[in-house]
Amino acid sequence: MENKTEKSKVFAPLPHREGQGESLQGESPESLHFYMQRALDEARQALKAGEIPIGCVIVCKDRIIARAHNLTETLCDVTAHAEMQAITAAANQLGGKYLTDCTLYVTVEPCTMCAGAIGWAQIPRVVYGAADEKRGFSRYAPQALHPKCVVTAGVLEDACRQLMQEFFREKR
């Protein structure tokens, strides 16, 4: 199933299920862009700290309840990805491990590890900016997310990709 809305692609990790489109009702391109801009703000903080510039926010009932960016260098921890940090913060904020009323916004497609955590947290909605052809979950573990999770790809894709390209250009 592929449905294009502006530059964004909406897809489900598993075959289409009845009712999946319902979670998209009332969501405007402006709100997608607003929250992705907040994730980009986090990615810019990561860039300033010398981290790979990936940022993430988790939204629950139209409110940002967690924000994070990569901390793998700072914490000397390969698991300190933006999504992992944000999921932990959101679970602490809500007082439970399941984030069933939340949407996760991240600047780059989650890796397999993060997709697994997103699946275990039962996050029903993931929005990402730039695809990650080398390490993205859709290549290696397309079934890792919760079966009912709806994914939107390509929101502010160019800005998200440019930030990553800038980081790696400076590293070379």
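The values are calculated or read from the model by the stated rules, or taken from the named source; none is laboratory data. Computed from a predicted model, the values in this text were never measured in an experiment. Glycine also receives a Cβ, built like all others from the backbone with ideal geometry; neighbour counts cover every protein chain displayed. With ligands, DNA and RNA removed, areas are computed over all heavy atoms of the protein, side chains included. Shrake-Rupley method; radii C 1.70, N 1.55, O 1.52, S 1.80 Å.
Condition check: surrounded by fewer than 19 Cβ atoms within 10 Å (Cβ to Cβ) and assigned to a loop (DSSP other than H, G, I, E, B). Does Q143 satisfy that? Considered against the rule, which asks whether it is surrounded by fewer than 19 Cβ atoms within 10 Å (Cβ to Cβ) and assigned to a loop (DSSP other than H, G, I, E, B), Q143 comes out as yes.
Among the residues of segment 32-55, the ones that are closer than 18 Å to A153 by Cα, in contact (Cβ under 8 Å) with a residue 40 or more places away in the chain and assigned to a helix (DSSP H, G or I) come to 9 in all. Among the residues of segment 128-172, the one identified as more than 24 Å from F34 (Cβ to Cβ), under 14 Å from the mean Cα position of the chain (by Cα) and among the polar types (S, T, N, Q) is S138.
Condition check ((1) among the charged types (D, E, K, R); (2) open to solvent by 60 Å² or more (accessible area, probe 1.4 Å); (3) at pLDDT 95 or above) across all residues:
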{"position": "P13", "(1), (2), (3)": "no, no, no"}
{"position": "E18", "(1), (2), (3)": "yes, yes, no"}
{"position": "S28", "(1), (2), (3)": "no, no, no"}
{"position": "M36", "(1), (2), (3)": "no, no, yes"}
{"position": "I54", "(1), (2), (3)": "no, no, yes"}
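Any chance you could count how many residues in segment 114-134 are on the phi < 0 side of the Ramachandran plot, at pLDDT 95 or above and open to solvent by 60 Å² or more (accessible area, probe 1.4 Å)? Of the residues in segment 114-134, 1 are on the phi < 0 side of the Ramachandran plot, at pLDDT 95 or above and open to solvent by 60 Å² or more (accessible area, probe 1.4 Å). Of the strands (runs of 3 or more DSSP E) lying entirely inside segment 56-136, the ones with 1 or more residues being among the basic types (K, R) and under 22 Å from A159 (Cβ atoms) are found at 63-69, 125-130. Filtering segment 57-68 to residues that are touching a Lys or Arg at 6+ places or on another chain (Cβ under 9 Å) and open to solvent by 30 Å² or more (accessible area, probe 1.4 Å) leaves I64, R67. Among the residues of segment 146-172 satisfying the criterion of being part of a loop (DSSP other than H, G, I, E, B), in contact (Cβ under 8 Å) with a residue 60 or more places away in the chain and within 16 Å of T100 (Cα to Cα), which is most open to solvent (accessible area, probe 1.4 Å)? Ranking the qualifying residues of segment 146-172, first place goes to K148. Applying a threshold of 6 Å to beta carbon distances and a minimum spacing of six or more residues, or different chains, the list of pairs starting in segment 86-105 at a residue that is crowded, with 18+ Cβ neighbours inside 10 Å and modelled with pLDDT under 95 and ending at one that is among the hydroxyl-bearing types (S, T, Y) and not in a helix (DSSP H, G or I) is empty.
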